[in-house]
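The values are calculated or read from the model by the stated rules, or taken from the named source; none is laboratory data. Model, not experiment: these values are computed from the prediction. Neighbour counts are summed over all protein chains in view; Cβ atoms, including those assigned to glycine, are modelled from backbone coordinates with ideal geometry. Quick note on the areas: whole protein, heavy atoms, side chains included, nothing else; ligands and nucleic acids left out. Shrake-Rupley method; radii C 1.70, N 1.55, O 1.52, S 1.80 Å.
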Amino acid sequence: MIRLFFCFATACFMCDYAPDSNADQDSDLQREFLKSLELFDNAKSSEDFLASAKVLEGMVSEGACSGAVFYNLGNAYFRAGQFGRAILNYRKAKPYRPRDPLLEANLQQAILSAPGRLTEPTKPWWLHVLFWTEYLSYPTRVMVALGTFSIAPIVAFVAVLFQRRAFVFIAGGLAAIAILFSVDCAVNSPEKLYGSRAVITSETIARKGIGKDYEAAFDSPLKDGAEFDVLQETNGWTFGHFAGIGDGWVRNEFVAR
């Protein structure tokens, strides 16, 4: 059963993983992924789960950004009791697995478990316009954009060659889809959605300026799991907007991105 689980998890990893690497590097990353699963499966303490997370973090640093990697990172941090990092990685997995019920359930559980949870940020207006973003994974949307861009000129050529008006409409529709999905991929890429997002990893006091001498920005300390939008980063400090309470500076050692 465990072997079957590892095979299934590896298949999921390869389905939504598309790094710029050669075959040897892909093979190494697969081995690292399986190693992280084995560490997770045999873990009995927080330290053991963090060992699994460390392997996955190493994969991310090598460019292995996929739904499977981020999802398992979230699981490892959640079991280790680091809810902020779990939330961060579950959210990073969402563009690759937007309709995964287990991912959504685990994300909500991590949010509820986090002592520092804040008001959920409102969705950007364009997510309501580009409604398919929350149903199709980012790799799928890229494939649709590239596919329609490739097919539209061919259909247009056939329309001109054979004088078929219906093909003109089809080519126009394909071009419109290609443009819409290209805009979607540019606006709603994982980097755009979560590149400016961060989370507090342990209790700290947000300040009104850079340095401990500044007054506290809020009435109470920030705690593990407080999500925020990064506005500026300098000199070991991060300035962010915290939904529902305002803006403040926090030291980078208490921030994960």
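Among the residues making up region 191-246, those that are within 17 Å of the chain's Cα centre (by Cα), surrounded by fewer than 19 Cβ atoms within 10 Å (Cβ to Cβ) and in a loop (DSSP other than H, G, I, E, B) are GLY195, SER196. Could you tell me whether region 52-63 includes any residue that is among the β-branched types (Val, Ile, Thr) and within 11 Å of the chain's Cα centre (by Cα)? Within region 52-63, none of the residues are among the β-branched types (Val, Ile, Thr) and within 11 Å of the chain's Cα centre (by Cα). Close Cβ contacts (under 6 Å, 6 or more residues apart or on different chains) running from residues in region 81-93 that are over 20 Å from SER45 (Cα atoms) to residues that are assigned to a helix (DSSP H, G or I) and among the hydroxyl-bearing types (Ser, Thr, Tyr) comprise ARG91/TYR194; LYS92/TYR194; ALA93/TYR71.
Taking the options PHE78, PHE6, name whichever one is surrounded by 14 or more Cβ atoms within 10 Å (Cβ to Cβ), modelled with pLDDT under 95 and assigned to a helix (DSSP H, G or I). Just one listed residue meets the conditions, PHE6.
Which ones in region 55-75 are in contact (Cβ under 8 Å) with a residue 60 or more places away in the chain and open to solvent by 20 Å² or more (accessible area, probe 1.4 Å)? Steps first, please.
Looking only at region 55-75, we keep the residues that are in contact (Cβ under 8 Å) with a residue 60 or more places away in the chain, and these are 65, 67, 72.
Hits for region 55-75 are CYS65, ASN72.
Is there a residue being over 16 Å from the mean Cα position of the chain (by Cα) and at pLDDT 95 or above anywhere in region 82-92?
yes
Exactly one residue out of GLN30, GLN109 is of a type outside the set (Gly, Ala, Ser), modelled with pLDDT under 95 and open to solvent by 40 Å² or more (accessible area, probe 1.4 Å): that is GLN30. Only one of (1) assigned to a helix (DSSP H, G or I); (2) acidic (Asp, Glu); (3) modelled with pLDDT of 90 or more; (4) within 24 Å of LEU130 (Cα to Cα) fails for GLU253. Which number is that? Of (1) assigned to a helix (DSSP H, G or I); (2) acidic (Asp, Glu); (3) modelled with pLDDT of 90 or more; (4) within 24 Å of LEU130 (Cα to Cα), only one is false for GLU253: (4).
Would you be able to say whether some residue in region 151-168 is in contact with a helix residue (DSSP H, G or I) (Cβ under 8 Å, 6 or more places away or on another chain), surrounded by 14 or more Cβ atoms within 10 Å (Cβ to Cβ), closer than 24 Å to THR133 by Cβ and hydrophobic (A, V, I, L, M, F, W, C)? Yes, because at least one residue in region 151-168 is in contact with a helix residue (DSSP H, G or I) (Cβ under 8 Å, 6 or more places away or on another chain), surrounded by 14 or more Cβ atoms within 10 Å (Cβ to Cβ), closer than 24 Å to THR133 by Cβ and hydrophobic (A, V, I, L, M, F, W, C). Scanning region 100-152 for residues that are part of a helix (DSSP H, G or I), farther than 26 Å from PHE167 by Cβ and among the small types (Gly, Ala, Ser) gives ALA105, ALA110, SER113.
A Cβ distance below 6 Å, combined with a sequence gap of six or more or placement on separate chains, defines the contacts here; from region 107-124, residues that are polar (S, T, N, Q) reach residues that are at pLDDT 95 or above in the pairs SER113/PHE83. Scanning region 125-150 for residues that are open to solvent by 90 Å² or more (accessible area, probe 1.4 Å), in contact (Cβ under 8 Å) with a residue 12 or more places away in the chain and under 19 Å from the mean Cα position of the chain (by Cα) yields one hit, TYR135.
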